[in-house]
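Chemist: Mind looking over this structure? Questions follow.
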Amino acid sequence: MAALTLAAAGMLAAGTAAAAHPTIDVVASNWKFTPSKITIPVNEPTTLRLTSASGVHGLQSDELGIPLTKISIGSFTLVTFTPKKAGTYVLHCAIVCGPGHPDMTLTVVVTP
Ligand SMILES: [Cu+2]
């Protein structure tokens, strides 16, 4: 009986932790991401909430598991991914957006 109760408590705790994963706002504009650097934990789901203040931009990372995601003015786009490996990833804007496009990056630091 005591073991069953402990098991149920453990499941509840795990459910709470999974639901509490962070959502991070990232605003794209001509020609930068704000913030330009985010830090997230490895092996935990993270949701980015993306929008644009000017221009159409994009985000994509095969290494992080982020599919090509278009970022438009006036709408919020959610993308959830789970980084599998700690490290520093420099993501370039994935949609050609003008003269500042080559230098438009978002740095994602994945901590162990
Ligand atoms: Cu671009």
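The values are calculated or read from the model by the stated rules, or taken from the named source; none is laboratory data. These numbers were taken from a predicted model, which means no experiment stands behind them. Cβ: placed from backbone, ideal geometry, glycine included. Neighbour counts: every protein chain shown. Side chains included, ligands, DNA and RNA excluded: accessible areas come from the protein's heavy atoms. Shrake-Rupley method; radii C 1.70, N 1.55, O 1.52, S 1.80 Å.
Chemist: Taking a probe of 1.4 Å, how large is the accessible area per residue of the stretch 21-111, in Å²? Mind dumping the intermediate values first?
Modeler: Details: 4610 Å² over 91 residues.
Accessible area per residue: 51 Å².
Chemist: May I pose another question? Where the accessible area of the stretch 21-111 is counted over protein heavy atoms with a 1.4 Å probe, how much of it, in %, is carbon and sulfur? Don't skip to the answer; put the middle values down first.
Modeler: Values: 2560 of 4610 Å².
Ligands and nucleic acids excluded, carbon and sulfur give 56 percent.
Chemist: Any idea what the dipole of the stretch 21-111 comes to, in debye rounded to 20, about its Cα centre with Lys/Arg Cβ at +1 and Asp/Glu Cβ at -1?
Modeler: Working: 6 positive and 5 negative charges, 10 e Å.
Roughly 40 debye for the stretch 21-111.
Chemist: Calculate, in nm to one decimal, what Thr105 and His92 gain on full extension: separation in residues at 0.36 nm each, minus their alpha carbon distance.
Modeler: Numbers: separation 13, 0.36 × 13 = 4.68 nm, distance 0.45 nm.
Length difference between fully extended and current span is 4.2 nm.
Chemist: Which aspartates and glutamates does Lys85 reach when only Cα atoms under 18 Å apart count, and residues fewer than 8 places away in its own chain are ignored?
Modeler: Glu44, Asp62, Glu63
Chemist: Let me ask something else. At 37 °C and a viscosity of 0.692 mPa s, what translational diffusion coefficient does Stokes-Einstein give for the stretch 21-111, taking Rh as the Kirkwood radius over Cα pairs? Give it in µm²/s as a whole number. Please list the in-between numbers first.
Modeler: Values: Rh = 12.9 Å.
Using the Kirkwood radius from Cα pairs, D works out to 255 µm²/s.
Chemist: Also, quick follow-up: Lys70: which lysines have alpha carbons under 17 Å from its alpha carbon, excluding same-chain residues fewer than 8 sequence positions away?
Modeler: Lys32
Chemist: Going through the stretch 40-112, which chymotrypsin sites (Phe, Trp or Tyr not before Pro) have at most 15 other Cβ atoms within 10 Å and a DSSP loop state?
Modeler: On the way: sites: Phe76, Phe81, Tyr89; in loops: Phe76.
Hits after loop and neighbour filter: Phe76.
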